[in-house]
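Encoded as structure tokens, the structure appears first; notes follow it.
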Amino acid sequence: MNVREVEIALYKDPSPRMLAACQNDSRQGVRRLAERLIRQQQAQALEEARVQELLLEEKKLWQKGYLLLAGIDEAGRGPLAGPVVAAACILPTRFELPGLNDSKMLTESKREKLFFQIQSQAIDYAVGSAEPAEIDALNILQATKLAMKRAVEGLTARPHYLLIDALTLPAVNLPQLPLVGGDRLSASIAAASILAKVTRDRLMVELDRLYPEYTFSKNKGYGTNEHMKVLRRLGPCPLHRRSFAPVKQGSSAL
């Protein structure tokens, strides 16, 4: 077989025997094929091990009989404008989500890819939000909990247990475990963080059409230098969180 034919055969049958034969082949190109495949297998094994580490908390609860675990996380606590968005996600015990991680650790393209994969593989998922007026009325912490509560209530399947990033939800009558940095410790929370982040980012792109001066499609409501300059010049729009100090200062500068 020529090198191309060997490559096709190797990827059809990446067995130890086939790999050993390629490693011992006299042709440098064939040996490189084997080396490349071995590196890919090692990287895949490391990624699978990393994702399995993200399931440590889930496995403990699965073993106790809590089979439907909802991971909960939010996006948008820090911005000056737009809603805070939360997601609840129930993953099956087996899934294929290579690259699953805290949404903040991922590129936009990777988040988008995982967003669709999570939606297609999750047992159930839902999104909830709290609007700027609710944030101003309640404060951002309570508004975040409200968004999370709405996400849980949006699930079709009633979860047996909640895994929540850092918070507890007293208003939700379900057993729950707060995990500080949960989006890096729990696969369910990581999946929820991606659903919340992508949903909110898309929403801010849509809202940019209503208030293009603030370029929400770029800054997603965060207080970038450009955003602050426009805020000082024009003042807040209905999407701004008027209880946030930078927005108040921008208003008083007019």
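The values are calculated or read from the model by the stated rules, or taken from the named source; none is laboratory data. Note that this is a predicted model, so its numbers are computed, not measured. Please note: Cβ atoms are built from the backbone with ideal geometry, for glycine as well, and neighbour counts cover all protein chains shown.
Checking each residue in region 83-130 for being closer than 16 Å to residue 58 by Cβ, part of a strand (DSSP E or B) and of a type in the set (A, V, I, L, M) picks out 88, 90.
Kindly indicate whether residue 82 is in contact with a Lys or Arg (Cβ under 6 Å, 6 or more places away or on another chain) and surrounded by 20 or more Cβ atoms within 10 Å (Cβ to Cβ). Please lay out each step first, then the result.
On the way: in contact with a Lys or Arg (Cβ under 6 Å, 6 or more places away or on another chain): no; surrounded by 20 or more Cβ atoms within 10 Å (Cβ to Cβ): yes.
No; evaluated as a whole, the condition is false for this residue.
Yes/no per residue for (1) surrounded by 20 or more Cβ atoms within 10 Å (Cβ to Cβ); (2) out of contact with any Asp or Glu (no Cβ under 9 Å at 6 or more places or on another chain); (3) outside the structural domain of residue 66 (by TED's automatic domain parsing); (4) of a type in the set (A, V, I, L, M, F, W, C):
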| site | (1), (2), (3), (4) |
| --- | --- |
| 138 | no, yes, no, yes |
| 155 | no, no, no, yes |
| 170 | no, yes, no, no |
| 182 | yes, no, no, no |
| 193 | yes, no, no, no |
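Looking at region 135-254, the helices (runs of 4 or more DSSP H) lying wholly inside it that each contain 2 or more residues that are among the charged types (D, E, K, R) and over 23 Å from residue 105 (Cα atoms) sit at 140-153, 187-208, 225-234.
Matching residues to (1) farther than 26 Å from residue 212 by Cβ; (2) touching a residue at least 60 places away in the same chain (Cβ under 8 Å); (3) among the hydroxyl-bearing types (Ser, Thr, Tyr):
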| site | (1), (2), (3) |
| --- | --- |
| 58 | yes, yes, no |
| 67 | yes, yes, no |
| 71 | yes, yes, no |
| 78 | no, yes, no |
| 91 | yes, yes, no |
| 99 | yes, no, no |
| 117 | yes, no, no |
| 122 | yes, yes, no |
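May I ask you to say which residue of 172, 180, 205 is more than 20 Å from the chain's Cα centre (by Cα) and β-branched (Val, Ile, Thr)? The unique qualifying residue is 172.
In this structure, does residue 209 turn out to be touching a residue at least 12 places away in the same chain (Cβ under 8 Å) and more than 30 Å from residue 50 (Cβ to Cβ)?
Working: touching a residue at least 12 places away in the same chain (Cβ under 8 Å): no; more than 30 Å from residue 50 (Cβ to Cβ): yes.
The answer is no for residue 209.
Let's see how each residue does on (1) in a loop (DSSP other than H, G, I, E, B); (2) modelled with pLDDT under 95; (3) of a type in the set (Lys, Arg); (4) closer than 28 Å to residue 169 by Cβ:
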| site | (1), (2), (3), (4) |
| --- | --- |
| 1 | yes, yes, no, no |
| 9 | no, yes, no, no |
| 26 | yes, yes, no, no |
| 61 | no, no, no, yes |
| 71 | no, no, no, yes |
